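Comments concern the structure below.
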Amino acid sequence: MATTRLFTVDELEQSSPEGEWELIDGELAPVNPSGFASSRMAHRVGRIIGNFVDDHDLGELTGSDGGYVLFPDRETLLAPDVAFVRKDRVPPVEEQGRFARLAPDLAVEILSPADRMASALAKVSLYLEAEVQMVWLIDPVKRTVTIFTPDDAPIRLEEGDTLTGGAILPGFSVQVGALLS
């Protein structure tokens, strides 16, 4: 029987293996680089959210290389394509060289052609289990944004709909079509 080597978050901070990965309950999960369109979309979404966050001094954003340790008692590390952390929850400066030991307030995942919906939904489930308050799953091909929150059924928005930040990003709104253009 083959055994899988389990890793800890601390080990990965000290010496990470080659390539891009996330950590799910101690097991490395390879992450494929995004295609041009998905990467461009992540940058655009981050810029739009980031401008709003900066204009209103709400907190901090990270990109796809920002790792979050979602649970204090599990070796699980995810790196959303875009993540937002409220100002009152941003880690102290002396801890910012490490993976953030918290779940972001908003996690944004953008599907790329290589992504499987089942894998994306598994990540959404982990985010919600970790008490991320809002998750946006963006499908650039179908041109939709699906909003997940802990207590409500998912909401799927299309190009003509307006995406809002709810209580996480109060006052934020953008037309889905404009976000995805």
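Every number here is computed from the coordinates shown, using simple stated rules; none is lab data. Since the model is a prediction, treat every value here as computed from it, not as a measurement. A quick note on method: Cβ atoms are made from the backbone with ideal geometry, for glycine too, and the neighbour counts reach across all protein chains shown.
Output the 0 to 90 degree angle, nearest 10, between the alpha-carbon long axis of helix 36-56 and the longest principal axis computed from the alpha carbons of the chain.
The helix 36-56 is inclined about 70 degrees to the chain.
What angle, in degrees between 0 and 90 and rounded to the nearest 10, separates the Cα long axis of helix 117-129 from the longest principal axis of the Cα atoms of the chain?
The angle comes out near 90 degrees.
Normalised by the number of residues in the chain, what is the relative contact order in percent for Cα pairs under 8 Å and 6+ residues apart?
Relative contact order here is 16 percent.
Which residues make up the longest stretch of the chain that has no GluC sites (Glu not before Pro) in a DSSP loop with at most 12 other Cβ atoms within 10 Å? Intermediate results must be reported in sequence, preceding the final value.
Numbers: sites that count: Glu18, Glu131, Glu158.
Here the longest segment lacking exposed loop sites spans 19-130.
With θ set to phi - 60°, apply the Karplus curve 6.51 cos²θ - 1.76 cosθ + 1.60 along segment 147-164 and write out the HN-Hα couplings as whole Hz, x wherever there is a Gly or Pro.
Karplus-based 3J(HN,Hα) across segment 147-164 equals 9, 10, 9, x, 10, 10, 5, x, 10, 9, 9, 10, 3, x, 8, 10, 8, 10 Hz.
Suppose every K and R has +1 on its Cβ and every D and E has -1 on its Cβ; what is the size of the dipole of the chain about the Cα centre, in Debye to the nearest 20? It would help to have the intermediate numbers written out before the result.
Working: 15 positive and 30 negative charges, 110 e Å.
Once rounded to the nearest 20, the dipole reads 520 debye.
Given the Cα atoms of segment 34-180, and with Rh set as the inverse mean 1/r over their pairs in the Kirkwood sense, what is Rg to Rh to two decimals?
On the way: Rg = 14.4 Å, Rh = 15.4 Å.
Result: Rg/Rh = 0.93.
Per DSSP H run of at least 4 residues, take -39500 (n - 2.57); add these up for the chain, divide by its residues and hand me the 222 nm value, nearest 500 deg cm²/dmol. If you can, show how the numbers build up before the last one.
Working: 4 runs with 45 residues, N = 181.
Helix-only estimate at 222 nm: -7500 deg cm²/dmol.
What trypsin sites (Lys or Arg not before Pro) in segment 108-171 are in a loop by DSSP, with at most 15 other Cβ atoms within 10 Å of the Cβ? Each step should come with its number before you reach the end.
Details: sites: Arg116, Lys123, Lys142, Arg143, Arg156; in loops: Arg116, Lys142, Arg143.
Of the trypsin sites (Lys or Arg not before Pro), the ones in loops of segment 108-171 whose Cβ has at most 15 other Cβ atoms within 10 Å are Arg116, Lys142, Arg143.
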